[in-house]
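Laboratory data are not the source of any read-out in this text; all were calculated from the coordinates shown. Since the model is a prediction, treat every value here as computed from it, not as a measurement. Cβ coordinates were reconstructed from backbone atoms using ideal geometry, including for glycine residues, and neighbour counts include every protein chain displayed.
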Amino acid sequence: MAHLHPKHAAYLDSLSIETITAKLVAIGTSVGALGDLLAGEPPVSEAKRHLLTRLLDLAHVHGADELEAACHWALANNTTSLASIVSILDTKVYLTGDQPQPPVSPIHDNLRHHDEFTNTQREA
């Protein structure tokens, strides 16, 4: 959280897990649900605490409504890492209604379609 003012960073560091979780839920149901996913099972490690604190800070940077919309989109599309949330907020993809596209296999001469494998017979 290098971009934070030192007093704000100290404030976030002073919050308990329970306080962070309550603040995430207060922002919105999707933010709270994503916070639960990021936290995982107790006990919460320092790394997970940092993720939750960073998620809380995103509400400060982008606003609660934008964070709620981004988390809602992320949960609906199963892209729930903190890096994904940051990308969603930066690109504002939640405003377009676009769905993530499945990865497409590149076309190469050495790749065959799956039908070619199902219709072949092995020689003994």
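Taking R0 as 25 Å, what FRET efficiency do you get between Thr29 and Val86 from their Cβ-Cβ distance, rounded to the nearest 0.05? Don't jump to the answer; show the numbers that get you there.
Values: r = 20 Å, r/R0 = 0.81.
So the FRET efficiency works out to roughly 0.80.
What ranking, highest mean first, results for peptides 15-26, 36-47, 69-80 when packing means the other Cβ atoms within 10 Å averaged over each residue?
Highest-to-lowest ranking by the protection proxy: 69-80, 15-26, 36-47.
Taking the simple approach of a point 7 Å from Cα along Cα-to-Cβ for both Val61 and Ala22, what is their distance in nm?
2.6
Determine, for Val61, Val31, the number of other Cβ atoms within 10 Å of each Cβ, and report the residues in order from fewest to most.
Val61, Val31
For Glu46 and Asn77, compute 0.36 nm times the residue count separating them, minus their Cα-Cα distance, and round to one decimal in nm.
Length gained between Glu46 and Asn77: 8.4 nm.
Which three extents, in angstrom, do the Cα atoms of segment 6-99 have along their principal axes, listed largest first?
So the extents along the principal axes, rounded to whole Å, are 38, 29, 21.
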